[in-house]
Amino acid sequence: MSVKPARTRFAPSPTGHLHLGGARTALYAYLLAKKTGGQFLLRIEDTDVSRTVPGAEQEIFDGLRWLGLNYDEGPDIGGPYGPYRQTERREIYHKYIDILVKSGHAYPCFCTPERLDAVRQEQQKLKVNPHYDGTCRALSQDEAARRIANGEKHVVRFKMAQEGVTVAHDHLRGDITLENKQLNDQVLLKTDGLPTYHLAAMVDDHEMGITHVVRGSEWLGTFPLHVNIVRAFGWEEPTWVHLSVFLKPSGKGKLSKRDSVDANKDGYSVFIKDMQDLGFTPEGVLNWGALMGWGVPEGDVMNLEQMVERFSIDSLTPSPAAINFQKLDHFNATHIRLFTTEDLAARLKPYFTREGLNVNDDTLLKIVPLIRERLVTLDDCLAFGAFFFKEDVNPNPEDLIAKGLDAKQSAQIAQRAYQILEEQPTISHERCEPPLRAYVEESGLNANQVFGILRVATTGQKVSPPLFESMEIIGREKCLARIKNAIEVLEKI
Ligand code: GLU
């Protein structure tokens, strides 16, 4: 069966950091477009100018690119339906608001904020839901035009039907029915001449040929209003897909600002910009996010390409999903094991260099197979591999003392190991392991004692990748110098 190519969009407001929820919305919209051979576009919804945060837009561009969710059209790349920033589309909204006013679906409202406040207080006293009382609904078009010509400040409101019901169809939840009298005459155009979300998003989705509106469930409350606006214009409705909400890790209650602070304390984050710093991979983050709201029928480890292959909006679920950072670790570690050596090396390099280490690319390629299985996050490479790129390792003196022995005995062992290694022209696994094992045998020591000293001496740490492979990469001269240093340290204890 051939499917019509979908045009989808991610439409964030530049009011804060791009977070997991936004990224997941973008992901599903992207997958739907790519699955059907359509386009995915980015639109910046910046009409609430007072809430715009400098830098937030750039963070959205960077975050989406880091995730690999490359948009086909957007503010920084253009496209046939631009501009893609709402503050640059004023005239378009004015054209459409005129259509609604002329057809009687919208009206100018001259009520002052003070008056609206008084109305609200009165309604609160009477214990009725706050709503616009409809004063300006009754003005004739001529009267309204005269007041506008006089320069009176005004907004434009949607004229909601006061009788009957609205049935709005969500792809995941089915029909949602609401009595029209519960819907307010919402503001579509503000006094600053900019539209509200309700008008701007509906106009843009129509103008940009959006076939599926994939968005957060916070819009379910105003969803019937949106459907009414689209119908007032006489447009074909897009398919509406309201995604599931995220719950706290405990599963109790919606994820809050506070939870993101707690996440940071544990070395996690819900903000995409932090994910890279913390050593997460786009593959890990996307795979993790994808499964919170998508019941995938087969296998759950997927890169973006595999997600596109398997995606269907019919398998999205509206049930809330609890954030589980252990699963993020799991997916991140799993993807790290799937990267090629070259790819992983390139991804690890920045974590070494940001610590001021001088990375030799050949060495890096050699250590990747040794440390790969130990990495949960990319920055774990420092714990397992920083010593490869250091001149000196400065081990903790206490760590050089082998279990069951004292400093003097440990120094003697290090001395003997030094002699054995010095006799070898190169330090390779094949050359060093047999004579050192022979020494273990004849000395009656156990292997852990001898190799433990060597490990701490050459790597500076008690836990490291396999010892002989590591020593081979560190190289003969450096290994010998490090062991010599360890002997001196032990002799001073
Ligand atoms: N600007 C809205 C937001 O950031 C977008 C909602 C939508 O996708 O339509 O929540």
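Looking at (1) outside any strand (DSSP E or B); (2) touching a strand residue (DSSP E or B) at 6+ places or on another chain (Cβ under 9 Å); (3) among the acidic types (Asp, Glu), which is the one condition that is false for residue 175?
Here residue 175 meets the rest and fails (1).
I'm checking my understanding of the structure. Among residues of region 387-435 that are among the small types (Gly, Ala, Ser) and more than 21 Å from residue 366 (Cα to Cα), which one is surrounded by the most Cβ atoms within 10 Å (Cβ to Cβ)? Steps first, answer last, please.
To start, the set of residues in region 387-435 that are among the small types (Gly, Ala, Ser) comprises 402, 404, 407, 410-411, 414, 417, 428.
Still in the running and more than 21 Å from residue 366 (Cα to Cα): 402, 404, 407, 410-411, 414, 417.
On the way: 402: 22, 404: 10, 407: 17, 410: 27, 411: 22, 414: 25, 417: 25.
Among those residues, the one meeting the criterion is 410.
Only residues that are in contact with a helix residue (DSSP H, G or I) (Cβ under 6 Å, 6 or more places away or on another chain) and assigned to a strand (DSSP E or B): list them for region 1-16, please.
Matches in region 1-16: 8, 10.
Would you confirm, using the coordinates I've provided, whether residue 405 is in a loop (DSSP other than H, G, I, E, B), under 29 Å from residue 451 (Cα atoms) and either in contact with an Asp or Glu (Cβ under 7 Å, 6 or more places away or on another chain) or of a type in the set (A, V, I, L, M, F, W, C) (or both)? Spell out how you get there, then give the answer.
On the way: in a loop (DSSP other than H, G, I, E, B): yes; under 29 Å from residue 451 (Cα atoms): yes; either in contact with an Asp or Glu (Cβ under 7 Å, 6 or more places away or on another chain) or of a type in the set (A, V, I, L, M, F, W, C) (or both): yes.
The answer is yes for residue 405.
Among the numbered conditions (1) within 17 Å of the chain's Cα centre (by Cα); (2) more than 13 Å from the ligand (Cβ to nearest atom); (3) touching a residue at least 60 places away in the same chain (Cβ under 8 Å), tell me where residue 32 comes up short.
Condition (1) is where residue 32 drops out.
Quick one: which of 245, 165 is among the β-branched types (Val, Ile, Thr) and farther than 25 Å from residue 314 by Cβ?
Details: 245 fails: farther than 25 Å from residue 314 by Cβ.
The match here is 165.
In this structure, does residue 108 turn out to be surrounded by fewer than 16 Cβ atoms within 10 Å (Cβ to Cβ) and over 18 Å from the mean Cα position of the chain (by Cα)?
The answer is no for residue 108.
Please find, within region 146-185, the residue that is farthest from residue 108 (Cα to Cα) out of those that are of a type in the set (S, T, N, Q) and in contact with a Ser or Thr (Cβ under 8 Å, 6 or more places away or on another chain).
First, the residues of region 146-185 that are of a type in the set (S, T, N, Q): 150, 162, 166, 177, 180, 182, 184.
Restricting the remaining residues to those that are in contact with a Ser or Thr (Cβ under 8 Å, 6 or more places away or on another chain) gives 166, 177, 180.
On the way: 166: 23, 177: 28, 180: 20 Å.
The qualifying residue farthest from residue 108 (Cα to Cα) is 177.
Say whether the condition of being under 19 Å from residue 239 (Cα atoms) and either within 13 Å of the ligand (Cβ to nearest atom) or of a type outside the set (Lys, Arg) (or both) is met by at least one residue in region 43-64.
yes
Return a yes/no flag: does region 434-451 have any residue that is over 50 Å from the mean Cα position of the chain (by Cα), farther than 17 Å from residue 401 by Cα and aromatic (Phe, Trp, Tyr).
Within region 434-451, one or more residues are over 50 Å from the mean Cα position of the chain (by Cα), farther than 17 Å from residue 401 by Cα and aromatic (Phe, Trp, Tyr).
Residues that are more than 24 Å from residue 287 (Cα to Cα), surrounded by fewer than 16 Cβ atoms within 10 Å (Cβ to Cβ) and more than 16 Å from the ligand (Cβ to nearest atom): does region 65-77 have at least one?
yes
If I filter region 398-418 for residues that are closer than 30 Å to residue 356 by Cα and without any contact (Cβ under 8 Å) to a residue 12 or more places away in the chain, do I get at least one hit?
yes
In region 436-472, what count of residues is obtained for those that are closer than 17 Å to residue 389 by Cβ, surrounded by fewer than 19 Cβ atoms within 10 Å (Cβ to Cβ) and out of contact with any Leu (no Cβ under 6 Å at 6 or more places or on another chain)? Break it down stepwise before answering.
Narrowing region 436-472 to residues closer than 17 Å to residue 389 by Cβ: 458-461, 464-465, 469-472.
Cutting the leftovers down to surrounded by fewer than 19 Cβ atoms within 10 Å (Cβ to Cβ) gives us 461, 469.
Those still in the list that are out of contact with any Leu (no Cβ under 6 Å at 6 or more places or on another chain) too: 461.
Within region 436-472, residues that are closer than 17 Å to residue 389 by Cβ, surrounded by fewer than 19 Cβ atoms within 10 Å (Cβ to Cβ) and out of contact with any Leu (no Cβ under 6 Å at 6 or more places or on another chain) number 1.
Restricting to region 1-28, give me the number of residues that are of a type in the set (Val, Ile, Thr), under 23 Å from residue 237 (Cα atoms) and within 9 Å of the ligand (Cβ to nearest atom). Break it down stepwise before answering.
Here is the first cut: in region 1-28, the residues of a type in the set (Val, Ile, Thr) are 3, 8, 15, 25.
Applying the additional criterion that residues be under 23 Å from residue 237 (Cα atoms) yields 3, 8, 25.
Filter once more, so that each one left must be within 9 Å of the ligand (Cβ to nearest atom): 25.
Adding up the residues that qualify gives 1.
State the number of residues belonging to region 44-57 that are in contact (Cβ under 8 Å) with a residue 12 or more places away in the chain and either under 18 Å from residue 272 (Cα atoms) or among the aromatic types (Phe, Trp, Tyr) (or both). Can you show your working first?
Applying the first criterion (in contact (Cβ under 8 Å) with a residue 12 or more places away in the chain) to region 44-57 yields 44-49, 51-53, 56-57.
Retained after the next criterion (residues that are either under 18 Å from residue 272 (Cα atoms) or among the aromatic types (Phe, Trp, Tyr) (or both)): 44, 53, 56-57.
Total satisfying the criteria: 4.
Going by the structure shown, is residue 166 among the β-branched types (Val, Ile, Thr), closer than 24 Å to residue 97 by Cβ, assigned to a loop (DSSP other than H, G, I, E, B) and away from the ligand (no atom under 15 Å from the Cβ)? Explain how you work it out, then say what you get.
On the way: among the β-branched types (Val, Ile, Thr): yes; closer than 24 Å to residue 97 by Cβ: yes; assigned to a loop (DSSP other than H, G, I, E, B): no; away from the ligand (no atom under 15 Å from the Cβ): yes.
No; evaluated as a whole, the condition is false for this residue.
It is to be established whether one or more residues within region 14-28 are within 15 Å of residue 200 (Cβ to Cβ) and either in contact (Cβ under 8 Å) with a residue 40 or more places away in the chain or surrounded by 18 or more Cβ atoms within 10 Å (Cβ to Cβ) (or both).
As a first pass, look at region 14-28 and keep what is within 15 Å of residue 200 (Cβ to Cβ): 14-15.
From the residues that got through so far, the ones that are either in contact (Cβ under 8 Å) with a residue 40 or more places away in the chain or surrounded by 18 or more Cβ atoms within 10 Å (Cβ to Cβ) (or both) too are 14-15.
Within region 14-28, one or more residues are within 15 Å of residue 200 (Cβ to Cβ) and either in contact (Cβ under 8 Å) with a residue 40 or more places away in the chain or surrounded by 18 or more Cβ atoms within 10 Å (Cβ to Cβ) (or both).
Consider only pairs whose beta carbons are under 9 Å apart and that are at least six residues apart or on different chains; among these, list those whose first residue lies in region 347-360 and is without any contact (Cβ under 8 Å) to a residue 60 or more places away in the chain and whose second residue is polar (S, T, N, Q).
Note: pairs meeting the criteria are 350/276; 352/358; 359/353.
How many residues are more than 17 Å from the chain's Cα centre (by Cα) and within 12 Å of the ligand (Cβ to nearest atom) if we restrict to region 215-259? It would help to see each step written out before you state the result.
Filtering region 215-259 for residues more than 17 Å from the chain's Cα centre (by Cα) gives 217-242, 250-254, 258.
Still in the list and also within 12 Å of the ligand (Cβ to nearest atom): 217-220, 222-223, 226, 238, 240-242.
Qualifying residue count for the region: 11.
Provide a single number: the residues in region 247-273 that are acidic (Asp, Glu) and free of Cβ contacts under 8 Å to residues at least 24 places away in the same chain.
Kept after step one, since they are acidic (Asp, Glu), are these residues of region 247-273: 259, 262, 266.
The next check asks that each one be free of Cβ contacts under 8 Å to residues at least 24 places away in the same chain; those that pass are 262.
The total comes to 1.
Residues that are among the charged types (D, E, K, R) and under 30 Å from residue 143 (Cβ atoms): which helices (runs of 4 or more DSSP H) entirely in region 17-107 hold 3 or more of them?
On the way: elements: 20-35, 56-67, 90-102.
Once the helices (runs of 4 or more DSSP H) in region 17-107 are filtered for at least 3 residues that are among the charged types (D, E, K, R) and under 30 Å from residue 143 (Cβ atoms), what remains is 90-102.
Throughout, read-outs are computed from the coordinates displayed, never taken from laboratory work. Predicted model only: the values in this text are computed from it and were never measured. Neighbour counts run over all protein chains shown; Cβ positions are idealised from the backbone, glycine included.
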